[in-house]
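*Asks:* Sharing a structure here in structure tokens format.
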Amino acid sequence: MTAIDPTAHLTAEQIEELGRELDAIRDEVIAGRGEKDAAYIRKVISAQRKLELVSRGVLLFSIFPPAWLIGTAGLSVAKIMDNMEIGHNILHGQWDWMRDPKIHSTTWDWDHVSPAEQWKHSHNELHHTYTNVIGKDNDLGYGIMRVDEDQKWHPFHLGQPLWNFINACFFEYGIAAYDLELGKNLSKRRRKSPEFRARARAVGRKIRKQVLKDYVIHPLLSGPSFPTTLAATFTANLVRNLWTHSVIMCGHFPEGVQVFERRSIRGETRGQWYLRQMMGSANISGSKAMHFMTGNLSHQIEHHLFPDLPSNRYAEVAVKVRALFEKYELDYVTGPLPKQVFSAWHKVFRLSLPNKKPKVKTPKVKTPDREQELVAA
């Protein structure tokens, strides 16, 4: 919530016209979806599975340092691909139009401790509906950070850089916690709720499944390489968590991204919803490889405008969307990954401290120039 509204120059009619232009972009992509897109996602899934299989195979010999390095690097990339370009986007329903029961948001499971159904509720239904609305969007600050100057500061916030770093290292567990809405369900009465208990059991089952696969079965298959394979898997999960956290942070937390009050979305029109997505998101610029490894969430603005479009189309959509930013004189927040990561962390540190009090300037009394007085006399 900035003191100066960056959209104040737009009239109500301009906002709705912007919405219609964005609808036209979406309709054009939907009409053009076809076999080329389907071949893309099938190719990515096949490549990810082969990379994971080969990497886990190499790690059976992880007692040897070269095997450990190669296997760990490959498994890290495979896990990132599974979470970002594949899992995240399939669970968004981006590929449901293919009507392939194996690549569908209702059947897909991913390499993550958060159950797919719970993630879809907290992410697709809540985060994408209430993007950057304080008190409604749990992804904004992950429920543990102060994200705006207008939020009341408490001494607890001094630790938010540390909480954020810990959350980054174990990001999949952090996601599972706020998918479960653990914060608001900590009271004994709420913990007894049958609905909450059922969801908690689902999370527990998913965690057991992931731990069994990564930290028991695979290391045991490694025989004498058990401890090194265990360390390799932990490292791969850590790399995946840090990368995913960084990408997500860059999407909504860099300086220049807007946050919103609850009251601002009352009676929100489609055009206004589009505008909030544009102002509440930021992109990452870079190579095709970088875009791929982010799951094309480097095109976060386009993803929030059109969350159900195939991710491989965001690059072409971004050209048209950026043109609309320029047409309507709006700030398209983007930058290289290091710049965006620094900006997001800078904001985390800045908001961990109380707001700076504006300096009170002592009024200066102007005294008449003596020489001018003499001339006047």
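*Asks:* In this structure, does residue 261 turn out to be over 28 Å from residue 296 (Cβ atoms), in contact (Cβ under 8 Å) with a residue 12 or more places away in the chain and open to solvent by 40 Å² or more (accessible area, probe 1.4 Å)? I'd like the intermediate steps shown before the answer.
*Replies:* On the way: over 28 Å from residue 296 (Cβ atoms): yes; in contact (Cβ under 8 Å) with a residue 12 or more places away in the chain: yes; open to solvent by 40 Å² or more (accessible area, probe 1.4 Å): yes.
Yes; evaluated as a whole, the condition is true for this residue.
*Asks:* Within segment 333-348, track down each residue that is open to solvent by 40 Å² or more (accessible area, probe 1.4 Å) and either within 15 Å of residue 281 (Cβ to Cβ) or in a loop (DSSP other than H, G, I, E, B) (or both).
*Replies:* none
*Asks:* Would you check if residue 210 is over 30 Å from residue 69 (Cβ atoms), among the polar types (S, T, N, Q) and touching a residue at least 60 places away in the same chain (Cβ under 8 Å)?
*Replies:* Criteria not met by residue 210.
*Asks:* So, in segment 101-145, how many residues would count as being touching a residue at least 12 places away in the same chain (Cβ under 8 Å) and in a loop (DSSP other than H, G, I, E, B)?
*Replies:* Here the count works out to 22.
*Asks:* For the list (1) assigned to a loop (DSSP other than H, G, I, E, B); (2) within 27 Å of residue 111 (Cα to Cα); (3) open to solvent by 60 Å² or more (accessible area, probe 1.4 Å), I need the number of the one condition that residue 165 fails.
*Replies:* Answer for residue 165: the failing condition is (1).
*Asks:* OK, next. Would a scan of segment 319-332 turn up a residue that is modelled with pLDDT of 95 or more, of a type in the set (Lys, Arg), open to solvent by 50 Å² or more (accessible area, probe 1.4 Å) and within 30 Å of residue 104 (Cβ to Cβ)?
*Replies:* yes
*Asks:* Which of the residues that make up segment 61-91 are of a type outside the set (Phe, Trp, Tyr), open to solvent by 20 Å² or more (accessible area, probe 1.4 Å) and either in contact with a His (Cβ under 7 Å, 6 or more places away or on another chain) or not in a helix (DSSP H, G or I) (or both)?
*Replies:* Once the filter is applied, which keeps residues that are of a type outside the set (Phe, Trp, Tyr), open to solvent by 20 Å² or more (accessible area, probe 1.4 Å) and either in contact with a His (Cβ under 7 Å, 6 or more places away or on another chain) or not in a helix (DSSP H, G or I) (or both), segment 61-91 yields only 63.
*Asks:* Still on this structure, please answer the following. With the checklist (1) open to solvent by less than 20 Å² (accessible area, probe 1.4 Å); (2) within 30 Å of residue 59 (Cα to Cα); (3) assigned to a loop (DSSP other than H, G, I, E, B) in hand, flag the one item residue 148 doesn't pass.
*Replies:* The single condition residue 148 does not satisfy is (2).
*Asks:* I'd like to verify a number: residues in segment 30-60 that are surrounded by 14 or more Cβ atoms within 10 Å (Cβ to Cβ) and assigned to a loop (DSSP other than H, G, I, E, B), how many?
*Replies:* Matching residues across segment 30-60 total 2.
*Asks:* How many residues, within segment 253-296, are touching an Asp or Glu at 6+ places or on another chain (Cβ under 7 Å) and either assigned to a helix (DSSP H, G or I) or among the β-branched types (Val, Ile, Thr) (or both)?
*Replies:* The number of residues fulfilling the criteria is 4.
*Asks:* A further question on this structure: State whether one or more residues within segment 281-289 are open to solvent by 10 Å² or more (accessible area, probe 1.4 Å), closer than 21 Å to residue 87 by Cα and not aromatic (Phe, Trp, Tyr).
*Replies:* Yes, that holds for at least one residue.
*Asks:* Only one of 305, 351 is modelled with pLDDT under 95 and open to solvent by less than 10 Å² (accessible area, probe 1.4 Å). Can you tell me which?
*Replies:* Numbers: 305 fails: modelled with pLDDT under 95.
One residue alone meets the criteria, 351.
*Asks:* Would segment 171-186 turn up any residue that is among the hydrophobic types (A, V, I, L, M, F, W, C), open to solvent by 50 Å² or more (accessible area, probe 1.4 Å), more than 19 Å from the chain's Cα centre (by Cα) and closer than 26 Å to residue 234 by Cα?
*Replies:* Checking segment 171-186: at least one residue is among the hydrophobic types (A, V, I, L, M, F, W, C), open to solvent by 50 Å² or more (accessible area, probe 1.4 Å), more than 19 Å from the chain's Cα centre (by Cα) and closer than 26 Å to residue 234 by Cα.
*Asks:* In the list 240, 205, which residue meets the criterion of being modelled with pLDDT of 95 or more, in a helix (DSSP H, G or I), open to solvent by 40 Å² or more (accessible area, probe 1.4 Å) and at negative phi?
*Replies:* The match here is 205.
*Asks:* Mind telling me which of the residues 203, 259, 247 ends up being under 26 Å from residue 130 (Cβ atoms) and touching a strand residue (DSSP E or B) at 6+ places or on another chain (Cβ under 8 Å)?
*Replies:* Unique residue meeting the criteria: 259.
*Asks:* Using beta carbons and a limit of 8 Å, which pairs, at least six apart or on different chains, have the first residue in segment 3-17 and in contact (Cβ under 8 Å) with a residue 12 or more places away in the chain and at negative phi and the second one outside any helix (DSSP H, G or I) and open to solvent by 70 Å² or more (accessible area, probe 1.4 Å)?
*Replies:* Listed by first residue and then by second, the contacts come to 6/331; 9/329.
*Asks:* Quick one: how many residues across segment 10-29 are open to solvent by less than 40 Å² (accessible area, probe 1.4 Å) and more than 17 Å from residue 326 (Cα to Cα)?
*Replies:* So the answer is 1.
The values are calculated or read from the model by the stated rules, or taken from the named source; none is laboratory data. On a predicted model such as this, the values are computed, not experimentally measured, just so you know. Glycine also receives a Cβ, built like all others from the backbone with ideal geometry; neighbour counts cover every protein chain displayed. Ligands, DNA and RNA are excluded from the accessible area calculation, which covers all protein heavy atoms including side chains. Shrake-Rupley method; radii C 1.70, N 1.55, O 1.52, S 1.80 Å.
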